[in-house]
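Each value in this text was obtained by applying a stated rule to the coordinates, not by laboratory testing. For clarity, every value in this text was computed on a predicted model and none was experimentally measured. Positions of Cβ are backbone-derived with ideal geometry, glycine not excepted, and every protein chain shown enters the neighbour counts.
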Amino acid sequence: MDVELRQVRNTLIVRCEGELDMLVADKMRSEIDKKMDNNEIKNLILNMEKVSFIDSSGLGVILGRYKKISSKNGRMYIVGARPQVEKILYFSGINKLVSMCRNEQDVINLQGR
Amino acid sequence: MNVRNYCKFEILSLPENISFARACVGAFASQLGCTIDEIEEVKLVVSEAVSNCIIHAYENRSNEIITIVISLLENRTLEIIIEDYGKGIEDIDSVLQPTYSSEPNRMGLGFTFMKSFMDDMEVLSKPGEGTSVQLKRSFLTKDKEAYA
C-alpha cells in the first residue's frame with residue numbers, strides 16, 4: 001500500500017494505492033493523523049481510485065478519520081472508489097457520513113458552492 | 001455432501017499473511033466458475049476471519065498458527081473453515097451482533113460481512129482452546145438449480 005499526502009490550502013488530499021487491510025491500516029492511520037494534527041487542516045479527501053480491496057480494518061481507518069475531521073467541523077470526501085470497493089463502503093454505511101464523489105475535481109466544485 | 005476438491009494450509013498469525021490467505025482461497029474457489037464479484041466477496045470474508053484470529057484470538061501475537069481448509073462440494077458449493085487455537089469466545093451470541101466490537105477503533109463488521117456474503121456460518125468456540133468459523137456458500141444460479 002502506497003500513501004501519498006498533499007495539502008491544498010486547508011484540505012488534505014490522501015491518495016492511496018493497493019489493498020487496504022489490517023497490514024496497512026496502522027501505517028495509513030498514523031501517516032494521515034500526523035498531517036491532520038496540523039491545525040490548518042479542516043477537510044480530508046481520500047482518493048481511492050487505485051485501491052483494489054478494502055475490509056473492515058480499512059473501514060475502521062476511514063471511520064476514525066471521519067470522526068477526527070468532524071470534531072474539527074470539517075468535511076470528508078471519498079473519491080473514485082471502484083465498484084467492488086464502493087459496494088463495501090455502502091454496505092458499511094460510511095457513504096452516509098462521508099460524501100462520495102467521482103473525482104477530486106468534483107470535490108473542488110462541491111466546495112466552491 | 002461429497003468433497004470434489006480440497007485444500008488445507010496453515011499460516012503464521014502475521015498481518016502479511018492475510019492477503020496471502022484471501023488470494024489462495026479466491027484462486028481455489030475460482031474452480032467453481034464464480035464471477036469476479038463473487039470471488040471478491042469470498043476474499044473479503046476470508047480477510048475478516050483471518051484478521052479476527054490475529055487481533056482477537058491471538059491478541060496480535062505473531063507466532064501462532066491459523067489453519068484454513070477449503071472444500072469444493074457438490075452443487076458448486078464452497079466450504080471454508082478457518083481455525084485458531086487462541087483464547088476462544090466466551091459469549092458467541094454477543095460477538096455475532098452487528099457492530100459489536102471489543103475495540104473502539106474497529107467497526108465490528110467482520111462477522112456481519114461473513115454472514116451476509118455466505119449462505120451459512122457456524123462459529124464453534126471453547127474459551128482457552130480456540131475458535132473454528134465454518135462458512136458455506138453455493139454458487140448454483142437459480143436457472144441451473146432448476147435443472148440440477
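Would you pull out the residues with amide H under 5 Å of A:M100's amide H, same chain only if 5 or more places away, H placed 1.01 Å from N?
Answer set, sorted by chain and number: A:I78.
If contacts are Cα pairs under 8 angstrom and at least 6 residues apart, what is the relative contact order of chain B in percent?
Details: 272 pairs, mean separation 37.7, N = 148.
So the answer I get is 25 percent.
Name the lysines eligible as straight-distance cross-link partners of A:K68: C-alpha to C-alpha under 23 Å, and not fewer than 8 places from it in the same chain.
A:K27, A:K34, A:K35, A:K42, A:K96
Quick one: dipole size for chain A, taken about the Cα centre, charges +1 on Lys/Arg Cβ and -1 on Asp/Glu Cβ, in debye to the nearest 20.
Roughly 540 debye for chain A.
Using alpha carbon centroids, what distance separates region A:45-62 and region B:34-67, in Å?
The distance from the Cα centre of region A:45-62 to that of region B:34-67 comes to 17 Å.
Pull up all non-local amide H partners of B:T77: gap of 5 or more, or a different chain, and H-to-H distance under 5 Å with H placed in the peptide plane.
B:F139
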